[in-house]
Amino acid sequence: MPAMEIKPGIHWVGAMDWDRRLFDELIPLPDGTTYNSYLVRGNDKIALIDTVDPMKEKTLLDNLHETGVEKIDYLITHHAEQDHSGTIPRILELYPMVKVVCTPKCKDQIKILLHVSDDRIITVADGETLDLGGRTLEFIHAQWVHWPETMLTYLREDKILFSCDFLGSHLTQSDLYATDEAKVLRSAKRYYAEIMMPFRSHIVKHLERLAKYDIQMVCPSHGPIYPKPSFIIDAYKDWTSEKPKKEVVLAYVSMHGSTQMMADRLVDALMKRGIPVKPFNLSRTDIGELAMDLVDASTIVIGTPTVLGGAHPLAVYAAYLANALRPKARFVSIIGSYGWGGKTVEQLAGMIGNLKVEVIEPVLIKGMPTEEDYSKIDALADAIAKKHADAGIE
Ligand code: FEO
């Protein structure tokens, strides 16, 4: 995408990465991603807000050239992760007068990650401002969004929040703006689940702090720009709220069909009781989809056969992931089948220490389920329904 003027004197000069399918060699990107970079012209000074992933260096340089910019005074660096900072060294080389502007923690990071020298960096305090001449940048330190060095920038005169990774989405589309809100919301929720959810308590505080700002546009570092920010800010308030929704996530794997039969029965039993349930067969699941459903779920059930004395590795991975993402679920249970023994329950229960959950009595059966075993699954569905009702989860 070429450079695009989003307001007089403010250009989007970033890069679209339509083909990228994996981030951090971990997170699936079904819709690619963008690395948003913005050029802000004041009457006296010019600031570039963030750079792009080094793979897209040429696109950023071409876009800067297209705007006709001849000098850059400040390179506002919100975040040291390389998808935004990776092209800093090239910008410093091409624009000898430019100074990187960042938090003290970010300075440490870009020195060790990119070998940027001290004399090219200016650190700013929380709330400090920078006058570009008719345009004022206000810096907002925002630790743990999702690294400890992060900051956001509020452009006072234009009422624009440059929000770094916060409120972003891994979504590439030719429309620079979040015009199709339903489509963007889905990508933004996935992004929140994968990247921001582990830092929910910090995100809540940042949302509270931003409430005092008159924000008329949000320009994130990934995904479309929000010309009407309320929908994404309201969505974040919902996702970060303490109370989960009446939903069950069933993450399971089956080797020879017994655990599958138990999973199917649990889905039916929950549906009969009016409890929304989302089963994820872990041998086919996109972990981003699983993470998204963990955002609101009140109960997580892990289903696994016993293999080599414990849970199936895919079930172990699901438990590890849920523990790392720290969703707000209140209840956890385990179902599964074994042949001759094992430590499945102890193993999985021991992996979820980060979750503030009550464990509902697991259902582990021997071999293929019998009618008596199915009754135990029905009883588990009853127990989940009762726990939800007692906790006021509707
Ligand atoms: Fe998009 Fe945390 O970098």
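The values are calculated or read from the model by the stated rules, or taken from the named source; none is laboratory data. Every value quoted in this text rests on a predicted model; they were computed, and no experiment measured them. Cβ: placed from backbone, ideal geometry, glycine included. Neighbour counts: every protein chain shown. We work out accessible area using only protein heavy atoms, side chains counted, and drop any ligands, DNA or RNA first. Shrake-Rupley method; radii C 1.70, N 1.55, O 1.52, S 1.80 Å.
Is it true that Leu137 is touching a residue at least 60 places away in the same chain (Cβ under 8 Å), in a strand (DSSP E or B) and either within 15 Å of the ligand (Cβ to nearest atom) or surrounded by fewer than 21 Cβ atoms within 10 Å (Cβ to Cβ) (or both)? Criteria not met by Leu137. Selection of first residues in the range 33-49 that are in the same structural domain as His65 (by TED's automatic domain parsing) and of second residues that are of a type in the set (Lys, Arg), restricted to Cβ pairs under 7 Å at least 6 apart or on distinct chains, gives the following pairs, ordered by first then second residue: Thr33/Arg20; Tyr35/Lys56; Val40/Arg135; Gly42/Arg135; Ile46/Lys71.
The residues listed here are Glu149, Glu157; of these, the one that is open to solvent by 10 Å² or more (accessible area, probe 1.4 Å) and charged (D, E, K, R) is Glu157. I'm checking my understanding of the structure. Among residues of the range 42-70 that are in a loop (DSSP other than H, G, I, E, B) and over 23 Å from Leu152 (Cα atoms), which one is least open to solvent (accessible area, probe 1.4 Å)? Residue satisfying both the conditions and the ranking: Val69. Of all residues in the range 71-106, those satisfying the criterion of being open to solvent by less than 10 Å² (accessible area, probe 1.4 Å), in a helix (DSSP H, G or I) and touching a strand residue (DSSP E or B) at 6+ places or on another chain (Cβ under 8 Å) are Asp83, His84, Ile88, Ile91, Cys106. Residues that are more than 30 Å from Leu39 (Cα to Cα) and within 16 Å of the ligand (Cβ to nearest atom) number at least 1 in the following helices (runs of 4 or more DSSP H) confined to the range 215-315: 287-294. Here is a check on your reading of the model: is Glu66 more than 15 Å from the ligand (Cβ to nearest atom) and assigned by TED's automatic domain parsing to the domain that holds Gly168? Taking the combined requirement at face value, the residue satisfies it.
Going by the conditions given, is Val301 among the hydrophobic types (A, V, I, L, M, F, W, C) and surrounded by fewer than 21 Cβ atoms within 10 Å (Cβ to Cβ)? Criteria not met by Val301. Tell me, please, whether a residue that is assigned to a helix (DSSP H, G or I), open to solvent by less than 30 Å² (accessible area, probe 1.4 Å), away from the ligand (no atom under 16 Å from the Cβ) and more than 17 Å from Asn36 (Cα to Cα) can be found in the range 200-208. Within the range 200-208, one or more residues are assigned to a helix (DSSP H, G or I), open to solvent by less than 30 Å² (accessible area, probe 1.4 Å), away from the ligand (no atom under 16 Å from the Cβ) and more than 17 Å from Asn36 (Cα to Cα).
Checking the condition among the acidic types (Asp, Glu), open to solvent by 20 Å² or more (accessible area, probe 1.4 Å), modelled with pLDDT of 95 or more and within 27 Å of the chain's Cα centre (by Cα), which residue from Asp131, Asp119, Asp165, Asp175 passes? One residue alone meets the criteria, Asp175.
Inclusion of Asp180 among residues that are of a type outside the set (Val, Ile, Thr), away from the ligand (no atom under 14 Å from the Cβ), open to solvent by 50 Å² or more (accessible area, probe 1.4 Å) and in the same structural domain as His78 (by TED's automatic domain parsing) is warranted.
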